[in-house]
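The structure appears right after this line, and notes come after that.
The values are calculated or read from the model by the stated rules, or taken from the named source; none is laboratory data. Being a predicted model, the structure only gives us computed values, none of them experimental. Positions of Cβ are generated from backbone atoms using ideal geometry, with glycine treated the same way; all protein chains shown enter the neighbour counts. Accessible surface areas use protein heavy atoms only, side chains included; no ligands, DNA or RNA. Shrake-Rupley method; radii C 1.70, N 1.55, O 1.52, S 1.80 Å.
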2 protein chains.
Amino acid sequence: MWGGGDYSLHTIGAKHVIDNTGELALEALDAIDVAGQAGSFQLADFGAADGGTSIDLVRRIIGNVRARAPSRAICMTYTDLPRNDYSALFNLVHGGRPDVKSYLEEHDNVFVYASGTSFYLPIFPAQTLDFGFSATAMHWLSRLPGRITDHVHAVGASGEELEVIRGHALADWETILLNRALELKPGGRLVMSNFCIDEQGRYLGNTGGVNMFDTFNRLWRGLAEDGTISEAEYQITAFPQFYKTVEEYCAPLTDPGSVVHQAGLRLESAQTRVVPCPYAARFAEDANLERFAVSYVPTLRTWSETVFSNSLDAARPEQERRDIVERFYRSYVDLVRADPTGHAMDYVHIYMVVSKV
Amino acid sequence: MWGGGDYSLHTIGAKHVIDNTGELALEALDAIDVAGQAGSFQLADFGAADGGTSIDLVRRIIGNVRARAPSRAICMTYTDLPRNDYSALFNLVHGGRPDVKSYLEEHDNVFVYASGTSFYLPIFPAQTLDFGFSATAMHWLSRLPGRITDHVHAVGASGEELEVIRGHALADWETILLNRALELKPGGRLVMSNFCIDEQGRYLGNTGGVNMFDTFNRLWRGLAEDGTISEAEYQITAFPQFYKTVEEYCAPLTDPGSVVHQAGLRLESAQTRVVPCPYAARFAEDANLERFAVSYVPTLRTWSETVFSNSLDAARPEQERRDIVERFYRSYVDLVRADPTGHAMDYVHIYMVVSKV
């Protein structure tokens, strides 16, 4: 499926985000008295997928803890949803991939676990977690609370529909934080990078050029207008995601009246950063339009396809659904090929360090 | 694949073994002072597969612990190899299967994890495990240490070949126990059911009737004799398993000179039991020969097929390998159909309760 370095390009953006998270994580770790405590050091990756992008970060965290507390056992737990490919995760961490070096080869007294419990629930017993991190996972809502009838993503929602999804997203964020407040030991730290709307109004795929979600919406809307999909199918299509502003992210942690603040979580730092789209960067260098068009859109497809295909009527034959989705992404490729100017999926993240008092 | 209640029959034997284990487990649990200890109660299933057969046992253990220590958190960790289907496991435990009721619906403050670490290694930090159980898992060797040139299973090995595999199996058993000795808290318990050779020389598929492993061997040998497979393929075929005798199972736990005994593990009880083959039991009732032949052999096939197919030369085309394996099992069905007398895969287990001083 991936060729000519596209696989590396596909993951390199996520890797850069994790590397940014890593700098903050190691600083935050220094604030924890790892040598002065009894019991195992408990570490977690919330929303880990196959663990590949975070493996170097975990290596650095374990190396840091081990250097300061040589005899302390370290437990590393990867969390995700039940449907995640944990077999791929364990295979990678236990050294089953020749292309990935696992930290387990370097350290003993390190124990790896997985949890299939949602981060909208408690994942660890009260006050047992020393350090947690999460990269690009918490924009997924617990559920979609309502429709977005004239767009496919909350970034294009408006009026009452926007307020419903925003209200739900803020409650979801509070739930995530309250559960982490329960789990963290006093003095524990949480380092998170999440998609956001930054101080300049930028967000994923909307950093000054062509707006990616508006493009998704325009092309999907076009399929409704030409009768390929029904109006009902168009209207129920929506990513179960919400990109919060910096203020929305920080408020529960800085407002002394919030339940999260009262539960003991405090904001240590917050900053936004943009990681440039690696496909657009390569195109800027090599001006290879064909390669850009046929590699940029597939990377969007990897994380967006299920949203569009699941919105199609279940009564449609499987092949018909596949054909519609194929046509949809082909129209995106055609658009990029016709005029590549401004197409880019730059990552816009907020990086937060949170402590438990 | 399964019809007419065959799926239930297929799992009911394993379920009976777990139920036998359960009685012992609940007795053993009573010996642990669950209310008098701080921290989470740590529970483990070693070699859990999809967690389905043990779910009622876990429910009973959690209910027992919760009744005696209402506010204590309980952590349940399922262990298996990296390639295990953890997604199926988490789906089942998190209530994703309408046919299975999970204990998570009944109790809060219970946390579920998985580990992909082999039980030939430490899976938990030192002295953190309160209670572990394992059902029908520890007959799998860490590796096959040598060939069994004139049979397909250690039960048919002899001479030097038998001694090599026996020596390896006893060392493997010591490794399993030493790692559990490290993990268990003082006073902790381990309850295990494992395939064995019982006091009467019986073992899986050899309880007085036709010997199942001898049948496998005779039919596979026949394929070598008629040229379907090569002599080399026949000779390298061997289950990476060993069924220990009662004495071999117990010696490391009762001999004060053994490293396992010195590491603090003690045998509380050991007993053997035979769980009758449910297919043979149904055939004894309904005398439906055709149904017996076409349902009994497939259940053998589920756990034995990879051993035979992986022994075929990798240079053979995939379809050719499939055809050979198909022919092999068809010959077993023909044999049963021609004379069903004595065909049965009765389970022969040793049930052990072990404590840590």
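Here are a few things to note about the model shown:
- Applying the condition of being more than 7 Å from chain A (Cβ to nearest Cβ) and not aliphatic (A, V, I, L, M) to region B:115-124 and asking which residue is surrounded by the most Cβ atoms within 10 Å (Cβ to Cβ) yields B:Phe119.
- Test result for B:Ala88, open to solvent by 30 Å² or more (accessible area, probe 1.4 Å), under 25 Å from the mean Cα position of the chain (by Cα) and at negative phi: yes
- Only one entry in A:Gly96, A:Gly156 is out of contact with any Leu (no Cβ under 8 Å at 6 or more places or on another chain), more than 14 Å from chain B (Cβ to nearest Cβ) and not hydrophobic (A, V, I, L, M, F, W, C), namely A:Gly156.
- Within region B:61-85, if we keep just the residues that are of a type in the set (Gly, Ala, Ser) and open to solvent by less than 40 Å² (accessible area, probe 1.4 Å), the residue that is nearest to B:Ile18 (Cα to Cα) turns out to be B:Gly63.
- Only one entry in A:Ala232, A:Ala263 is open to solvent by 30 Å² or more (accessible area, probe 1.4 Å), closer than 21 Å to A:Ile165 by Cα and out of contact with any Lys or Arg (no Cβ under 8 Å at 6 or more places or on another chain), namely A:Ala232.
- Residue satisfying condition, being buried (at least 17 other Cβ atoms within 10 Å of the Cβ) and not in a helix (DSSP H, G or I), within set A:Ala293, A:Ala344: A:Ala344
- Scanning region A:128-140 for residues that are more than 10 Å from chain B (Cβ to nearest Cβ), open to solvent by 20 Å² or more (accessible area, probe 1.4 Å) and part of a loop (DSSP other than H, G, I, E, B) gives a single hit, A:Thr136.
- A:Val34 in a loop (DSSP other than H, G, I, E, B), away from every other protein chain (no Cβ under 14 Å) and touching a strand residue (DSSP E or B) at 6+ places or on another chain (Cβ under 7 Å): yes
- Residue check, A:Asp108 closer than 26 Å to B:Pro82 by Cβ, charged (D, E, K, R) and modelled with pLDDT of 95 or more: no
- Here B:Glu247 meets the list (1) more than 25 Å from the chain's Cα centre (by Cα); (2) loosely packed, with under 13 Cβ neighbours inside 10 Å almost entirely, failing just condition (1).
- Residue check, A:Phe124 more than 18 Å from A:Glu247 (Cα to Cα), aromatic (Phe, Trp, Tyr), in contact (Cβ under 8 Å) with a residue 12 or more places away in the chain and part of a strand (DSSP E or B): no
- Residue list for region B:174-190, filter: in a helix (DSSP H, G or I) and either surrounded by 21 or more Cβ atoms within 10 Å (Cβ to Cβ) or on the phi > 0 side of the Ramachandran plot (or both): B:Ile176, B:Leu177, B:Arg180, B:Ala181, B:Glu183
- Odd one out for B:Ser54, checked against (1) within 21 Å of B:Ala14 (Cβ to Cβ); (2) touching a His at 6+ places or on another chain (Cβ under 9 Å); (3) away from chain A (no Cβ under 14 Å): (2)
- Any hit, region A:102-114, residues being open to solvent by less than 30 Å² (accessible area, probe 1.4 Å), in a loop (DSSP other than H, G, I, E, B) and within 14 Å of chain B (Cβ to nearest Cβ): yes
- Residue within region A:45-53 that is closer than 14 Å to B:Ala114 by Cβ and in contact (Cβ under 8 Å) with a residue 12 or more places away in the chain present: yes
- Meets criteria (over 18 Å from B:Gly132 (Cα atoms), hydrophobic (A, V, I, L, M, F, W, C) and under 17 Å from the mean Cα position of the chain (by Cα)) for B:Ala157: no
- Scanning region B:309-323 for residues that are over 24 Å from the mean Cα position of the chain (by Cα) and open to solvent by 10 Å² or more (accessible area, probe 1.4 Å) returns B:Asp313, B:Ala314, B:Ala315, B:Arg316, B:Pro317, B:Glu318, B:Gln319, B:Glu320, B:Arg321, B:Arg322, B:Asp323.
- Only one entry of B:Arg266, B:Arg218 meets the criterion of being more than 18 Å from the chain's Cα centre (by Cα), among the basic types (Lys, Arg) and not in a helix (DSSP H, G or I), and that entry is B:Arg266.
- Condition met for A:Thr306 (under 21 Å from A:Asn194 (Cβ atoms) and either surrounded by fewer than 13 Cβ atoms within 10 Å (Cβ to Cβ) or in contact with a Pro (Cβ under 6 Å, 6 or more places away or on another chain) (or both)): yes
- So B:Met76, is it modelled with pLDDT of 95 or more, more than 9 Å from every other protein chain (Cβ to nearest Cβ) and assigned to a loop (DSSP other than H, G, I, E, B): no
- Test: residue in region A:58-67 that is under 22 Å from the mean Cα position of the chain (by Cα), more than 11 Å from every other protein chain (Cβ to nearest Cβ), among the aliphatic types (A, V, I, L, M) and not in a loop (DSSP other than H, G, I, E, B): yes
- Scanning region A:86-101 for residues that are assigned to a loop (DSSP other than H, G, I, E, B) and modelled with pLDDT of 95 or more yields a count of 1.
- Residues of region A:191-213 satisfying the condition of being closer than 18 Å to A:Ala280 by Cα, outside any strand (DSSP E or B) and of a type outside the set (Val, Ile, Thr): A:Arg202, A:Leu204, A:Gly205, A:Gly208, A:Gly209, A:Asn211, A:Met212, A:Phe213
- For A:Lys356, the conditions (1) more than 28 Å from A:Arg189 (Cα to Cα); (2) in contact (Cβ under 8 Å) with a residue 40 or more places away in the chain; (3) in contact with a Leu (Cβ under 8 Å, 6 or more places away or on another chain) all hold with the exception of (1).
- When region B:141-171 is filtered for residues that are among the hydrophobic types (A, V, I, L, M, F, W, C) and surrounded by fewer than 19 Cβ atoms within 10 Å (Cβ to Cβ), the ones remaining, listed by number, are B:Leu144, B:Leu162, B:Val164, B:Leu170, B:Ala171.
- Counted residues, region A:48-58 - those being surrounded by fewer than 22 Cβ atoms within 10 Å (Cβ to Cβ) and touching an Asp or Glu at 6+ places or on another chain (Cβ under 7 Å): 2
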